[in-house]
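Asker: Provided herewith is a single structure, encoded as structure tokens, for subsequent inquiry.
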Amino acid sequence: MIGELPTALEIGGTSYSIRSDFRVALNIIQAMNDPELNEREKCWVCMKCLYTDFESIPDEMYEEAAKKAYWFIGGGDIPMSSTDIKTFDWHQDESLIFSAVNKTAGFEIRTPDRYTHWWTFLGYFAEIGEGMFSQITYIRTKQAKGKKLEKWEKEFVREHRELITLKKQLSAEEEQHAREDEAFINDLIGR
């Protein structure tokens with residue numbers, strides 16, 4: 001049916017209920033970006049979080065269940081961008097994203113008792129208008145494509161470098177190495 005938001009996914013001819021609130025999807029995305037998890041663990045977390053009765057899905061249907069879960073988290077049949085340029089990070093840009101989504105939605109989306117379907121959230125996200133978040137992603141896109149920044153954009157970058165720079169999420173091991181490297185450099189320069 002046109003305009004219907006899925007609250008269940010069909011796997012092997014059987015309908016399985018899902019947790020369709022945007023908070024669940026964002027938690028899944030956070031797990032998918034966790035450098036501590038391997039691909040199998042990420043898939044497992046996704047399915048355990050999304051399906052309300054994951055244990056009832058037959059083992060031989062896991063591959064289909066995973067494909068359907070990724071389809072749902074990806075927004076269904078929405079055409080995806082063909083670019084691999086990363087212009088935002090759900091975790092790093094959280095406050096900017098929610099501010100922009102709230103403005104689009106016309107209410108505080110994070111109200112604890114307010115259910116918002118993931119695809120509705122994605123609709124709000126897609127319609128974000130002018131503001132801090134869109135300005136930052138625009139500049140990040142220009143930088144990633146090697147395009148020259150306007151004078152005002154260069155000034156904006158200087159003033160908001162912490163907001164503009166996307167940080168790489170490191171595993172605990174990578175963080176430890178970075179701390180050791182920083183300590184070594186600080187010892188060398190006498191800090």
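Asker: Among the residues of segment 26-46, which ones are part of a helix (DSSP H, G or I) and of a type in the set (D, E, K, R)?
Answerer: Answer for segment 26-46, where residues must be part of a helix (DSSP H, G or I) and of a type in the set (D, E, K, R): Glu39, Arg40, Glu41, Lys42.
Asker: OK, next. If you take the residues of segment 135-152 that are in a helix (DSSP H, G or I) and more than 20 Å from Asp89 (Cβ to Cβ), which of them is nearest to the chain's Cα centre (by Cα)?
Answerer: Trp152
Asker: Scan Lys168, Lys103 and give me the residue that is modelled with pLDDT of 95 or more, farther than 20 Å from Ala25 by Cα and of a type in the set (D, E, K, R).
Answerer: One residue alone meets the criteria, Lys103.
Asker: Hey, another quick one. So, Glu182, is that one farther than 25 Å from Pro6 by Cβ, at pLDDT 90 or above and open to solvent by 50 Å² or more (accessible area, probe 1.4 Å) or not?
Answerer: no
Asker: Kindly indicate whether Glu10 is open to solvent by 50 Å² or more (accessible area, probe 1.4 Å), part of a loop (DSSP other than H, G, I, E, B) and either in contact with a helix residue (DSSP H, G or I) (Cβ under 9 Å, 6 or more places away or on another chain) or of a type in the set (Asp, Glu) (or both).
Answerer: no
Asker: Looking at (1) within 26 Å of Gly74 (Cβ to Cβ); (2) of a type in the set (Phe, Trp, Tyr); (3) buried (at least 17 other Cβ atoms within 10 Å of the Cβ), which is the only condition Phe156 fails?
Answerer: (1)
Asker: All but one of (1) in contact with a Pro (Cβ under 9 Å, 6 or more places away or on another chain); (2) farther than 14 Å from Phe22 by Cβ; (3) at pLDDT 90 or above hold for Trp152, so report the exception by its number.
Answerer: (1) is the only condition that Trp152 fails.
Asker: Quick check on segment 105-134: of everything there that is among the aliphatic types (A, V, I, L, M) and open to solvent by 40 Å² or more (accessible area, probe 1.4 Å), which residue is farthest from Ser95 (Cα to Cα)?
Answerer: Filtering segment 105-134 for residues that are among the aliphatic types (A, V, I, L, M) and open to solvent by 40 Å² or more (accessible area, probe 1.4 Å), the one farthest from Ser95 (Cα to Cα) comes out as Ala126.
Asker: Also, quick follow-up: How many of the residues in segment 44-71 are open to solvent by less than 50 Å² (accessible area, probe 1.4 Å), hydrophobic (A, V, I, L, M, F, W, C) and within 22 Å of the chain's Cα centre (by Cα)?
Answerer: Total meeting the criteria: 8.
Asker: Within segment 14-25, identify whether any single residue is open to solvent by 20 Å² or more (accessible area, probe 1.4 Å), assigned to a helix (DSSP H, G or I), more than 16 Å from Phe121 (Cβ to Cβ) and in contact (Cβ under 8 Å) with a residue 40 or more places away in the chain, and answer yes or no.
Answerer: no
Asker: Is one or more of the residues making up segment 72-90 under 16 Å from the mean Cα position of the chain (by Cα), among the acidic types (Asp, Glu) and open to solvent by 60 Å² or more (accessible area, probe 1.4 Å)?
Answerer: Yes, because at least one residue in segment 72-90 is under 16 Å from the mean Cα position of the chain (by Cα), among the acidic types (Asp, Glu) and open to solvent by 60 Å² or more (accessible area, probe 1.4 Å).
The values are calculated or read from the model by the stated rules, or taken from the named source; none is laboratory data. Everything quoted here is computed from the prediction, not taken from an experiment. Heads up, the Cβs are rebuilt from the backbone with ideal geometry, glycines too, and the neighbour counts pull from every protein chain shown. SASA here: full protein model, heavy atoms, side chains in, ligands and nucleic acids out. Shrake-Rupley method; radii C 1.70, N 1.55, O 1.52, S 1.80 Å.
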